[in-house]
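The values are calculated or read from the model by the stated rules, or taken from the named source; none is laboratory data. It should be emphasised that the depicted structure is a prediction, and the values quoted were computed from it without experimental measurement. Please note: Cβ atoms are built from the backbone with ideal geometry, for glycine as well, and neighbour counts cover all protein chains shown. To get the accessible areas, we keep the full protein, side chains included, count just its heavy atoms, and leave off ligands, DNA and RNA. Shrake-Rupley method; radii C 1.70, N 1.55, O 1.52, S 1.80 Å.
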Amino acid sequence: MKSYNIALIPGDGTGPEVLTEGVKVLTAVAKKCDLKLNFERYDFGGERYLKTGEILPPSAIGELKKFDALYLGAIGHPDVKPGILELGILLKIRFALDQYINLRPVKLYPNVETPLKDKGPSAIDFVVVRENTGGIYTGMGGAAMIGTQNEVATQVMCYSRPVVDRCLRFAYAYTRKRNRNKKLTLVHKCNVLTYCGDLWVRAHKEIGDAEFPDITQDYNHVDACTMWMVKSPEFYDVIVTENLFGDIITDLGAMIQGGMGIAAGGNINPEGVSMFEPIGGSAPKYTGQNVINPLAAIAAGGMMLETLGEDRAAAMLETALHAALGSGKIKSMSAGRMGMGTREVGDFVVSQL
Ligand code: IPM
Ligand code: MN
């Protein structure tokens, strides 16, 4: 029997509740597919930090590298200053494990409400490949004369050709494998960001021409992209973009697919250890009430199975998710309005396997 070791990082707020449902569904899928999933829990997050003053113990990264995959709930605590946990846990893991792809499907499931008028599941079905280790997120820059009237600050958008190339190669190969419209849209702002934009534009063309002649090349400025995502989302198959633009457009993507309750993502190192997460936050005000939507965490679990190469198990989970939503019994994607509780949604998806 094939066996996988998975680190669980439930994190803060409602993270533990949604992850519990994800583990419930994954365990049920594994049983049907003759897989063994061994889960080990880590208590990283705001509570631990407030109690011990430690964000991540020195051994954490070394330990996490030994797993087959990581499964994260949510990071973010109302009593901790913004940035500390995000940088110290989430970004730290992404960088240290070189999870250079952030894969974010924007997919409208049946019976899920979208704010886009007259758009259904066939129109809203694309994937954003967000570069996940470079750009402004590298943290290069500085500030001087802080507190004076001439205070200055810089934060540098930094990209090397290898970092751009590996992201584009992943995106092209993913577009080919997805086999939908075979179109890869590069999103940037090359009319203003003439250095970084030009680097991405040239690399996109060179790699596409040389290695992926079967994939149609397309380009949008990021501001126009937000417009098209709302007006004509059916235009997109796969989008590839740099880190910050990807961060921004995937929140818009989450909204058009029905909200944070259903939006999943994977931080992927194709040659290493990847981490899967619902892309919403820790939603502290809903903690412990059995009202938060676990479907994003469940869908992230499906992405984990797919990335591990367990295509049959991933397809089974996806089919169950479809069936659960298709039934119309889950009334809304919003916390407290689902018509059933967090645990009941997990049970319901399991019943559809
Ligand atoms: C995300 C989040 C993170 C990011 C934050 C919490 C650091 O917004 O995963 O999209 O900006 O990448
Ligand atoms: Mn974000």
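Details
- Any helices (runs of 4 or more DSSP H) falling wholly within the range 293-353 and containing at least 1 residues that are at pLDDT 95 or above and within 17 Å of the chain's Cα centre (by Cα): 295-307, 311-326
- Test: residue in the range 244-267 that is in contact with a helix residue (DSSP H, G or I) (Cβ under 6 Å, 6 or more places away or on another chain), closer than 16 Å to C167 by Cα and away from ligand 2 (no atom under 15 Å from the Cβ): no
- Within the set P121, P105, P162, the sole residue that is of a type outside the set (S, T, N, Q), surrounded by 18 or more Cβ atoms within 10 Å (Cβ to Cβ) and within 27 Å of K183 (Cβ to Cβ) turns out to be P105.
- Among the candidates A297, A283, A254, residue that is within 12 Å of ligand 1 (Cβ to nearest atom) and in contact (Cβ under 8 Å) with a residue 24 or more places away in the chain: A254
- Residue within the range 64-83 that is free of Cβ contacts under 8 Å to residues at least 40 places away in the same chain and either under 23 Å from M338 (Cα atoms) or within 22 Å of the chain's Cα centre (by Cα) (or both) present: yes
- Considered as a group, the residues in the range 34-91 that are within 16 Å of ligand 2 (Cβ to nearest atom) and open to solvent by 20 Å² or more (accessible area, probe 1.4 Å) include one that is farthest from N132 (Cα to Cα), and that residue is P82.
- The test for being small (G, A, S), touching a residue at least 12 places away in the same chain (Cβ under 8 Å) and within 16 Å of ligand 2 (Cβ to nearest atom) does not hold for G120.
- Remark: pairs (first residue in the range 86-97, under 11 Å from L70 (Cβ atoms) and in contact (Cβ under 8 Å) with a residue 60 or more places away in the chain; second residue within 16 Å of ligand 2 (Cβ to nearest atom) and polar (S, T, N, Q); Cβ separation under 9 Å; 6+ apart in sequence or on different chains) = I93/Q99; I93/N267; R94/N102; R94/N132; R94/T133; R94/N267; L97/N267.
- Assessment of the range 236-246 against the conditions (under 30 Å from K189 (Cβ atoms), modelled with pLDDT under 95 and not basic (K, R)) yields no matching residue.
- Within the range 128-146, none of the residues are in contact with a Pro (Cβ under 7 Å, 6 or more places away or on another chain), assigned to a loop (DSSP other than H, G, I, E, B), of a type outside the set (V, I, T) and modelled with pLDDT of 95 or more.
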